[in-house]
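A quick write-up on the structure given underneath.
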Amino acid sequence: MTERRSLSGARVLLGITGGIAAYKTPELVRSLGREGARVSVILTKSARRFVTKDALRSVTHGPVLTDLFERDALGTGPWFEGAPPSSLGMAHIGLAREADLVLVAPTTANAIGKLAHGLADDLLSTALLATRSTVLLAPAMNVAMWEHAAVQENVAALRARGVHFVGPDDGELADGEVGMGRMATIEAIVAACGNALGAAKSNLQELGSRPRSARAAEAPYGSTLPPSTNGLPLRGRTIVVTAGGTEEPIDPVRVITNRSSGKMGFAIAEQARDLGATVRLITARTSAPAPAGVERSEAATATDMSDAVIKAMKDADALIMAAAVSDFTPAKKSGKKMPRSGSGLALELKATPDILMRVRARYPKKHLVGFALETEDELRHGKEKRKKKGLDLIAVNNPLKPGSAFGSDQNDVTLVDAAGRVEALGLRPKTEIARAILLRVAKALDKN
């Protein structure tokens, strides 16, 4: 299991690019410092329009640099609080190499594009190419920019190289529009720093126990080696993913539904794509933008989704059932809007098809992953569901837990496998939960 690493003593290089969210970075530095991190800062020219060097110097004991050729950047440091002068020389090398983590917050579309294409025309972009450390980006931009195909392709390319992301969040943006593009909260960014460092530690431990040739094939982000197919454990696999909440019509106007946003399913589809899989995404109603670069179809009702999943699974390797499927549907659907009645309305409901049980009966050897949303005694109920449905893995969560509400970008999930092993992932971004699930799926498929 990847554990969140403590930030105590961690050297964090914070890069700040020119988005309005840059004004939040002094508080971000303070929060990282409260966790024990030693923070040094690089400001881009555009970032200085939103936050000053003096404001950042007041909250960090490390250097605050802005220009590749400024006097302080051309020396030998020290580049982090408590560190000796650097043997690696100038800031774009010394800072980049001595950092345990390079965090860029906010990360503009321009900064994402430059990193994806290897451009280095200032101190921050040069340091990002020179680092061999873990890189974490916190995107922030207008919703149309975030959804643009070019930006999504750049994000996918960076994810495939091992770059971590936190956010963006959905909500009201600085320009008044509403949508995906807000920088993640400071709390989420700090948590993501610990998770990213924990993942890096786990990867290094795993690589350290393997032959040197295998280590070279799976070099971390920042290595001069090209990406390898070994870093895409789902290449050649087809994964079916469901997302969103189904709707069961009462009449042409009213439906029975649930509060699912679709974010968990979309995170799984996105991560599966980045791990090399061919993804078939089947969506019900959602309130989040779908990931780019995946095959998508829609299924509004439980019956529609059941039929779509059965068809999609014919030549697929695995199903991850993240959709929130209605358990009941009206026994009779009215063909016209039912008028309001002062005496109320009684609806007769019938059970909807159990999609996972139907898939298991049709495809007994396929790899199936389900989700169990429970509000009490969740682990016991999750274990019972896994056994009843014949699942290889089930992810159990409770939306009443702090940080796990519907629509959140985080979740608190516990995994239970076919052998009954229980693994608590804890509260973390849904993208990281998705990746944790998919890496277990990849490992299981390889065994078969």
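A few points about this structure:
- Out of R48, R57, one residue alone is among the basic types (K, R) and closer than 24 Å to A109 by Cβ. It is R48.
- Residue in region 257-276 that is nearest to A436 (Cα to Cα), counting only those that are among the hydrophobic types (A, V, I, L, M, F, W, C) and modelled with pLDDT of 90 or more: I268
- Criterion: surrounded by fewer than 19 Cβ atoms within 10 Å (Cβ to Cβ), touching a strand residue (DSSP E or B) at 6+ places or on another chain (Cβ under 9 Å), within 28 Å of L56 (Cα to Cα) and modelled with pLDDT under 90 - qualifying residue of G176, G171: G171
- Condition met for L95 (crowded, with 16+ Cβ neighbours inside 10 Å, under 24 Å from the mean Cα position of the chain (by Cα), at pLDDT 80 or above and within 20 Å of H164 (Cα to Cα)): no
- Verdict on R273 being in contact with a helix residue (DSSP H, G or I) (Cβ under 8 Å, 6 or more places away or on another chain) and among the basic types (K, R): yes
- Residue that is nearest to V143 (Cα to Cα) [pool: residues in region 76-86 that are among the small types (G, A, S) and in contact with a helix residue (DSSP H, G or I) (Cβ under 8 Å, 6 or more places away or on another chain)]: G77
- Within region 37-53, at least one residue is buried (at least 23 other Cβ atoms within 10 Å of the Cβ), part of a helix (DSSP H, G or I) and more than 24 Å from the chain's Cα centre (by Cα).
- Residues that are out of contact with any helix residue (DSSP H, G or I) (no Cβ under 8 Å at 6 or more places or on another chain) and in contact (Cβ under 8 Å) with a residue 40 or more places away in the chain within region 91-126 comprise E98, A99, T107, T108, N110, D122, listed in sequence order.
Per-residue answers, yes or no, for (1) surrounded by fewer than 22 Cβ atoms within 10 Å (Cβ to Cβ); (2) modelled with pLDDT of 90 or more; (3) charged (D, E, K, R):
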{"position": "K389", "(1), (2), (3)": "yes, yes, yes"}
{"position": "D392", "(1), (2), (3)": "yes, yes, yes"}
{"position": "L400", "(1), (2), (3)": "yes, no, no"}
{"position": "G403", "(1), (2), (3)": "yes, no, no"}
{"position": "S408", "(1), (2), (3)": "yes, no, no"}
{"position": "R428", "(1), (2), (3)": "no, no, yes"}
{"position": "A436", "(1), (2), (3)": "yes, no, no"}
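- Residue match in region 58-70 (condition: part of a loop (DSSP other than H, G, I, E, B), surrounded by fewer than 18 Cβ atoms within 10 Å (Cβ to Cβ) and of a type in the set (A, V, I, L, M, F, W, C)): yes
- Check on A37, within 15 Å of E81 (Cα to Cα), touching a residue at least 40 places away in the same chain (Cβ under 8 Å) and among the small types (G, A, S): yes
The values are calculated or read from the model by the stated rules, or taken from the named source; none is laboratory data. A quick note: this is a predicted structure, and the numbers were derived from the prediction, not measured. Methodologically, a virtual Cβ is constructed for each residue, glycine included, from the backbone with ideal geometry; neighbour enumeration extends over all protein chains shown.
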